[in-house]
Amino acid sequence: MAQARESWKSRGGFIIAAAGSAVGLGNIWRFPYVAGENGGGAFIILYLAIVFTVGFSIFLAEQTIGRAAQRSPAAAFRRLKGGVWPILGYIGVLCAVVILPFYSVIGGWTLGFIWKTVAGTASDAGGFGAFISHGWLPILFHGLFMAATATVVIAGINQGIERWCRILLPGLVILMFVLIIRSVSLSGAEKGIAFFLSPDFSKVTMLTVQAALSQAFFSISVGMGVMITYGSYISRDRSLPGDAAWVVGLDSSFAIMAGLIILPAVFAFGQNPSAGPALTFVTLPQIFSQIPGGIFFGLLFFLMLSVAALTSAISILEVAVAHLGDEHNVSRHKGTIWTGFVLFLVGIPASLSFGPWADITLFGMTIFDLMDFFATKLLLPGGAIGMALFVGWVFWPDAAKSLYAEGEAPPRWAFVWRWMCAIIAPALILWVMIGGF
Ligand code: PHE
């Protein structure tokens, strides 16, 4: 390699970039309505229990693999063990290549809605459907979103990812606080808060547990090697578990904050909380059009959504770019431009599947749904199982020695983590995967 590997410059560098990756559309767009449909507070308790046990274990597994190997996924597995294990890295890259295009399509919608809010057309009846099925317009915004993502990644770890996440994440927190205050102070908001937070355990079934588990993995960005890649930029003198706890904690806090923005507003205006995905792009703009200063708050909301989506998209692109660099010596510049461009093209059919290509289906799914299903129901959980097994059986006991700074003894609880990775997490994920069919 021509250059020494970059590492996070500041103490919180990894935390901020990894939290940027974790906090995304999964938290803001998906979590509130999934929680709403699955028993509110009961779902939240279940979700937190899962994310801080199984989720945390796999997060730590990825982070440890990356830091120990100082390489992106495929190269990391080759360096630590070789054999068939690098395949896990390739699965991760494949995952990135499938997820980023459709993630960017939705990212494009958020940009489109910033524009529509300013133009005053965001709340038009049927406006959302007309926008996403328009053809070239959402593709244009998808291209803009992809270009923004590439612009950050091309500038590298310190000057690009770390710097931008350091600006964007605190910005996101401020935007969210403003919106929470606005939302919970609407008259009638209490009903939404109660719906979101008060636990209804009668709604908890096996399906709820499965929904919580798959939401948890997607939300903390594990399964495709983002945390291996980001972990590979952590220097050897840092201890990992504290950082992991921070990221998982921040991610959960953002999810709950998102619920406190969306559900109180929905209830205050007597809207249907189980409108699912449409809640964000249809219900909320209607609400914004009815409150004083609605254009301002609507603008803040879609800005917030774009920022959250952008810092996640960056991490997905970085997996592919780091892979090309470590495995094929492709420069960051070339790798980012080519990957960004190709994945923009891959996203075009995904975007068109909401409009002109809506009739093209396979197994009853559109192109967009197929990509989503293949990546988030098969590749992500499959990758997570593989990585957990790797740490529990192959990379053990070195994994324990890699948790803290070089030369420090492993923590006493390391064996709990080991059995989590070796048996409990893989078994649980497998059960969820099977349930998904
Ligand atoms: N965690 C991101 C979200 O919640 C999505 C994501 C998944 C990002 C996998 C990277 C890897 O939206």
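The values are calculated or read from the model by the stated rules, or taken from the named source; none is laboratory data. Since the model is a prediction, treat every value here as computed from it, not as a measurement. Don't worry about glycine lacking a Cβ; one is built from the backbone with ideal geometry, like all the others, and counts go over all protein chains shown. Accessible surface is based on the protein model in full, side chains and every heavy atom, while ligands, DNA and RNA are left aside. Shrake-Rupley method; radii C 1.70, N 1.55, O 1.52, S 1.80 Å.
The table for this structure:
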read-out: Per-residue ³J(HN,Hα) for the range 316-328, Karplus 6.51 cos²θ - 1.76 cosθ + 1.60, θ = phi - 60°, Hz, x for Gly and Pro; value: 6, 4, 4, 4, 5, 5, 5, 4, 4, x, 6, 8, 10
read-out: Carbon and sulfur %, accessible surface of the range 35-165 computed with the full protein complex present, 1.4 Å; value: 69 percent
read-out: Mean separation of Cα contacts under 8 Å, 6 or more apart, over the residue count of the chain: relative contact order %; value: 33 percent
read-out: Estimated 222 nm signal from helices in the chain, with DSSP H stretches of n ≥ 4 weighted -39500 (n - 2.57), rounded to 500; value: -21000 deg cm²/dmol
read-out: More than 16 Å apart - percent of Cα-Cα pairs taken over the range 102-181; value: 63 percent
read-out: P(r) weight above 26 Å for the chain, C-alpha pairs, percent; value: 53 percent
read-out: Portion, in percent, of the accessible area of the range 234-362 that falls on carbon or sulfur, probe 1.4 Å; value: 69 percent
read-out: Length added when fully stretched, Thr121-Trp338, from 0.36 nm per residue minus Cα-Cα; value: 74.6 nm
read-out: Table column - 3J(HN,Hα) (Hz), the range 121-131, Karplus curve with 6.51, -1.76, 1.60, x for Gly and Pro; value: 10, 5, 9, 4, 4, x, x, 5, x, 5, 5
read-out: Two-decimal Rg to Rh for the range 1-48 - Kirkwood Rh, Cα set; value: 1.28
read-out: Partner aspartates and glutamates for Lys377 [C-alpha distance under 13 Å; skip if fewer than 8 residues away on the same chain]; value: Asp369
read-out: Probe 1.4 Å, protein heavy atoms only - accessible area per residue of the chain in square angstrom; value: 38 Å²
read-out: Fraction in percent of alpha-carbon pairs per bin - 5 Å, the range 341-437; value: 3, 12, 15, 14, 12, 10, 10, 9, 8, 5, 3, 1
read-out: Reach of Lys116 by Cα under 30 Å, taken over lysines that are not fewer than 8 positions away in the same chain; value: Lys191
read-out: The range 1-88 - Rg and Dmax from Cα coordinates, angstrom; value: 17.2, 54
read-out: Global size of the range 276-360 as Cα Rg and Dmax, reported in angstrom; value: 18.1, 55
read-out: Prolate/oblate/rounded label for the range 41-116 (Cα gyration tensor, a/c 1.5); value: oblate
read-out: Sorted largest first, extent of the range 128-263 alpha carbons per principal axis (Å); value: 47, 45, 32
read-out: Base-10 log of normalised Debye intensity for the range 220-357 (one unit scatterer per alpha-carbon) at q = 0.14, 0.20 Å⁻¹; value: -0.93, -1.22
read-out: Part-to-part distance (alpha-carbon centres) for the range 92-128 and the range 200-263, which is given in Å; value: 23 Å
read-out: Fraction of alpha-carbon pairs over 18 Å apart in the range 246-317 - percent; value: 46 percent
read-out: Long-range amide H partners of Gly156 with built H, under 5 Å; value: Ile161
read-out: Residues listed by number, the range 34-56, amide nitrogen under 14 Å from Phe201 label point at 7 Å toward C-beta; value: 41-46
read-out: Full-extension gain in nm, Asn272 to Trp431, via 0.36 nm per residue minus C-alpha separation; value: 54.1 nm
read-out: Proximal aspartates and glutamates to Lys81, defined as alpha-carbon separation beneath 19 angstrom and excluding residues fewer than eight positions away on the same chain; value: Glu62, Asp326, Glu327, Asp398
read-out: Cα-projected label distance for Ala4 with Lys191, points at 7 Å along beta-carbon direction, nm; value: 6.2 nm
read-out: Backbone HN-Hα couplings from phi across the range 46-62 [Karplus 6.51/-1.76/1.60, Hz, Gly and Pro as x]; value: 4, 4, 5, 4, 5, 5, 8, 10, 5, x, 4, 4, 6, 4, 5, 4, 4
